[in-house]
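Chemist: Please read through the structure below; I'll follow up with questions.
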Amino acid sequence: MKLLFWILAAIGPSVAASEWTKPEQQALAPGALGQRLSDPQQSPQPSTGVINFWATWCAPCVKELPDLLALEQSLGSAGSLWLVNVGESVEQIERFAADNPAIQWRRDQITVGVGFAEMRALALRGLPSTFLIRDGQLIARADGVRNWADPGEQAWIKAQLTAPR
């Protein structure tokens, strides 16, 4: 059993650092990303930016949140960040926010109301999962943790979001 633990620990980082892939072309149906935490009557209609699917119980998701917020800062006007929570209530997310004041997100970038059925419909394999979207079209996806604070990663993402069609 110990040997299996060490093997998994050794290959874990390479598995977690998945590469960007071209997503299956599916439309983001109205409400597919849930409702905004700041305004439950409004569903986000992202045009260009980064969409990250996460949950408070997902340790890798929580670990990468500060770096995702740093990524958004680096993008400037090139795109926005949407944090799509999967399977949790508003109360759970607000309790998480109160317990983690160092994570400085905006309420308008958090969405709720997405469940595991929607994950399947969007072909998400697990959490965290991230989509890049440009002009309303999915252009790339990554499954697993990424180093969002890495300047090279940030530059590549910005280039993808601002590339001519």
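Chemist: Kindly provide the set of residues from region 50-59 that are surrounded by fewer than 21 Cβ atoms within 10 Å (Cβ to Cβ) and of a type outside the set (Val, Ile, Thr), ordered by number.
Modeler: Within region 50-59, ALA55, TRP57, CYS58, ALA59 meet the criteria.
Chemist: Filtering region 16-28 down to residues that are hydrophobic (A, V, I, L, M, F, W, C) and open to solvent by less than 60 Å² (accessible area, probe 1.4 Å), which residue is modelled with the highest pLDDT?
Modeler: Once the filter is applied, the top-ranked residue is TRP20.
Chemist: Where residues in region 29-42 are over 15 Å from the mean Cα position of the chain (by Cα) and open to solvent by less than 40 Å² (accessible area, probe 1.4 Å), which of them is modelled with the lowest pLDDT?
Modeler: Checked region 29-42; the qualifying residue modelled with the lowest pLDDT is GLY31.
Chemist: Within region 103-122, track down each residue that is aliphatic (A, V, I, L, M) and either closer than 16 Å to ARG36 by Cβ or touching a helix residue (DSSP H, G or I) at 6+ places or on another chain (Cβ under 7 Å) (or both).
Modeler: ILE103, ILE110, VAL112, VAL114
The values are calculated or read from the model by the stated rules, or taken from the named source; none is laboratory data. Fair warning: this is a prediction, and the values are worked out from it, not measured in the lab. Neighbour counts are summed over all protein chains in view; Cβ atoms, including those assigned to glycine, are modelled from backbone coordinates with ideal geometry. Just the protein is used for accessible areas: all its heavy atoms, side chains included, with ligands, DNA and RNA removed. Shrake-Rupley method; radii C 1.70, N 1.55, O 1.52, S 1.80 Å.
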